[in-house]
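Undergrad: Here it is, the structure, as structure tokens.
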Amino acid sequence: MLVEFYRLLSSNSSFAKRLIWKNWYQLISKKNRLPNFTFMNYGFINGINPTLDKFDESNRVFIQLYDKVLSKVSIQNKKVLEVGSGRGGGANYVAKYLKPKELIGIDISLNAVQLCNNNNQLENLNFKFGDSENIPFSENEFDVVYNIESSHCYGSRKKFTSEVCRVLKNTGYFCWADLCTVNELEEVVQFVKENNFKIIYSENITLNVLKALDEITETKETAINNFVPKIIRSTFKDFAGVKNTRVYNSFNTGQLEYHHLVAQK
Ligand SMILES: C[S@@+](CC[C@H](N)C(=O)[O-])C[C@H]1O[C@@H](n2cnc3c(N)ncnc32)[C@H](O)[C@@H]1O
């Protein structure tokens, strides 16, 4: 169902697409639903393992996706924006380990933003309600903007890319990773170029994401069985990329891919 649903969303009106995804993530981030999950990405494994505190080990595969996406740029002492920060696990990792001067995470789900602000204990980190297509900051504010597994939800990736360009300082970096079809990747590359970004890195990381999905599948399935109402359980498993469900299978057949791109303004 998910791939059909994903296709439907991709071809549907921007308004409907935005509305459906927004409500989906509001639902996921409702109080007490999957309370221990502070990440909502598919993860990444490539054999390079960042050193983590014991506390963060259980989130290693999700953290590794953040580490990979930000591996080409320097974050230390920079002003950084995450668009689509979800339940905040990634932003917490970045703020704690990569030590930006200031990191702001924005998300269109108010439930997610509230959850993040309730859990946040770091001084260089803040979360705020915000829309990728109308980023609530002024021109030339950030050194780095990053976006992980969120842009497939947007009504217009074109508008999003021009917003990223607007809030980035000159020579600032845009680090992006998401699932997409081959055609959608071409569109993203086109939008990036239209905004006069220079692409400095591009990689198909589908196999690394599949490895992570394999490793985490049992934990995800158990959590979904324990916390998600039966009626929406199988949809949740599809979205979570549980092994042998539809998104997972689409990565295997090549219907969907997962890409990482870094561009400089
Ligand atoms: C799959 S989650 C990924 C969250 C996080 N990046 C992570 O890796 O854990 C996608 C997130 O994008 C957010 N999102 C969807 N549409 C958005 C929009 N138009 N503007 C900002 N955030 C949006 C959702 O609310 C959700 O929290």
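Undergrad: First compute the accessible area of the range 2-264 with a 1.4 Å probe, then give the percent of it belonging to carbon and sulfur atoms.
TA: Values: 5900 of 12150 Å².
Solvent-exposed carbon and sulfur of the range 2-264 make up 49 percent of the total.
Undergrad: Between GLU187 and ASN77, 0.36 nm times their residue separation minus their Cα-Cα distance comes to what? It would help to have the intermediate numbers written out before the result.
TA: On the way: separation 110, 0.36 × 110 = 39.60 nm, distance 3.25 nm.
Working it through step by step, the gained length comes to 36.4 nm.
Undergrad: Ok, one more. Counting only heavy atoms of the protein chains, get the accessible area per residue of the chain (1.4 Å probe) and round it to a whole Å² value.
TA: Numbers: 12290 Å² over 265 residues.
Heavy-atom accessible area per residue stands at 46 Å².
Undergrad: Over the range 93-159, what is the relative contact order in percent, taking alpha-carbon pairs closer than 8 angstrom and at least six residues apart?
TA: On the way: 53 pairs, mean separation 19.3, N = 67.
Reported as a whole number, the value is 29 percent.
Undergrad: Here is a further query. Can you give me the solvent accessible area of ILE48 with a 1.4 Å probe, rounded to the nearest 10 Å²?
TA: 120 Å²
Undergrad: On to the next question. Reachable aspartates and glutamates from LYS79, Cα under 14 Å, same-chain residues fewer than 8 places away excluded?
TA: GLU102, GLU123, GLU139, GLU141, ASP143
Undergrad: Still on this structure, I have one more. May I ask you to compute the full-extension gain from LYS101 to ASN124, defined as 0.36 nm times their residue separation minus their alpha-carbon distance, rounded to one decimal in nm? It would help to have the intermediate numbers written out before the result.
TA: Details: separation 23, 0.36 × 23 = 8.28 nm, distance 0.62 nm.
Fully extending the segment from LYS101 to ASN124 adds 7.7 nm.
Undergrad: Between LYS230, LYS72, LYS243, find the one with the highest GNM mean-square fluctuation for the chain; connect C-alpha pairs within less than 10 Å.
TA: Of LYS230, LYS72, LYS243, the Gaussian network model singles out LYS230 as fluctuating most.
Undergrad: What accessible area, in Å² to the nearest ten, does a 1.4 Å probe give for ARG60?
TA: Probe radius 1.4 Å; accessible area of ARG60 about 50 Å².
Undergrad: Next question. Anything over 24 Å Cα to Cα? Flag those among LYS68/LYS99; LYS128/LYS230; LYS78/LYS128; LYS54/LYS211, in the order listed. If you can, show how the numbers build up before the last one.
TA: Working: LYS68/LYS99 16 Å; LYS128/LYS230 32 Å; LYS78/LYS128 18 Å; LYS54/LYS211 22 Å.
From LYS68/LYS99; LYS128/LYS230; LYS78/LYS128; LYS54/LYS211, over 24 Å: LYS128/LYS230.
Undergrad: In the calculated pair distance distribution of the range 2-264, what percentage of Cα-Cα distances lie above 26 Å?
TA: Numbers: 12265 of 34453 pairs.
The answer is 36 percent, as a whole percent.
Undergrad: Within the set of other residues whose C-beta is less than 12 Å from the C-beta of ASN208, count the net charge using Lys and Arg as +1 and Asp and Glu as -1. Before the final figure, lay out the partial values.
TA: On the way: positive: LYS68, LYS211; negative: ASP67, GLU203, ASP214, GLU215, GLU257.
Computed value for this residue: -3.
The values are calculated or read from the model by the stated rules, or taken from the named source; none is laboratory data. The structure presented is a predicted model; accordingly, all values stated were derived computationally and were not measured. Cβ coordinates were reconstructed from backbone atoms using ideal geometry, including for glycine residues, and neighbour counts include every protein chain displayed. Note: accessible area is taken over every heavy atom of the protein model, side chains too, but ligands, DNA and RNA are not part of it. Shrake-Rupley method; radii C 1.70, N 1.55, O 1.52, S 1.80 Å.
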